[in-house]
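Each remark here refers to the structure printed beneath this line.
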Amino acid sequence: EGEFTCNDGQCVTMEQRCNQIPNCRDESDEVDCKLLILKNNYNKKVPPIVPTGGDEFKQAKVGISISLLKIVSMEEVQHKINLQFEITLEWKEIRATYHNLKDETSLNALTDEEIEALWLPYVIYDNTDMKEAVKLMKEVKTTVVVTRMGNFTRTGLDVTDEIEVFKGIENQLVMSQTYTKSFQCSYDLAK
């Protein structure tokens, strides 16, 4: 209980399984370390839902926070301000399952392929020139991590791979992006 059996018979703790450091002599603890598991019928265009009782559901809430990193410039005549900021979005995805989550959140980062497969919040910056939105772009660094909050179940003896399985409803996804954007502003300039 609580140990992973390496292919060569050696045992390591489950916390060492998929931690980016080979702890087994044969390095089998770092094989098949997929973090995000989605069913084949998962539709990333449909927002996540939360059960409200019985057969009733509602859309999951998305927490939004913005940290201002720098005021790049202010253009009073054009009524513009250029800001560098980080936006952080948090939500739970009931349709997802996670494998081998770690207490250290940075070890629970999704790969680019996993991020592409997942539903992501759509936030529009209303006072930008083109009403720009939060989206995946090559020039913008996007990180999505899973915050371990819930308990896990272990796969039974009928499964050849020992995995700790976490439910999506109990563990939170956190998406971060850093931007520099130009916002339209109304300045009240007076002495």
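Side notes on the structure shown:
- K131, sole failed condition from (1) over 30 Å from S186 (Cβ atoms); (2) open to solvent by 60 Å² or more (accessible area, probe 1.4 Å); (3) assigned to a loop (DSSP other than H, G, I, E, B): (1)
- Residues that are under 26 Å from E90 (Cβ atoms) and among the basic types (K, R) were ranked within the range 18-59; the one that is most open to solvent (accessible area, probe 1.4 Å) is K45.
- Per-region count, the range 106-123, residues out of contact with any strand residue (DSSP E or B) (no Cβ under 7 Å at 6 or more places or on another chain), within 17 Å of V46 (Cβ to Cβ) and open to solvent by 80 Å² or more (accessible area, probe 1.4 Å): 1
- Filtered by the rule that a residue be free of Cβ contacts under 8 Å to residues at least 60 places away in the same chain and under 18 Å from T153 (Cα atoms), the range 16-38 gives a lone residue, Q16.
- The residue that is nearest to the chain's Cα centre (by Cα), among those in the range 4-15 that are open to solvent by 60 Å² or more (accessible area, probe 1.4 Å) and free of Cβ contacts under 8 Å to residues at least 40 places away in the same chain, is T13.
- Selected residue (criterion: least open to solvent (accessible area, probe 1.4 Å)) from residues of the range 160-187 that are acidic (D, E) and at pLDDT 85 or above: E164
- Selection status of K39, more than 20 Å from E132 (Cα to Cα) and in contact with a strand residue (DSSP E or B) (Cβ under 8 Å, 6 or more places away or on another chain): no
The values are calculated or read from the model by the stated rules, or taken from the named source; none is laboratory data. This is a predicted model, so every value here is computed, not measured. Using ideal geometry, Cβ is built from the backbone for each residue, glycine included, and neighbour counts are taken over all protein chains shown. The area values use the complete protein model at the heavy-atom level, side chains included, leaving out ligands, DNA and RNA. Shrake-Rupley method; radii C 1.70, N 1.55, O 1.52, S 1.80 Å.
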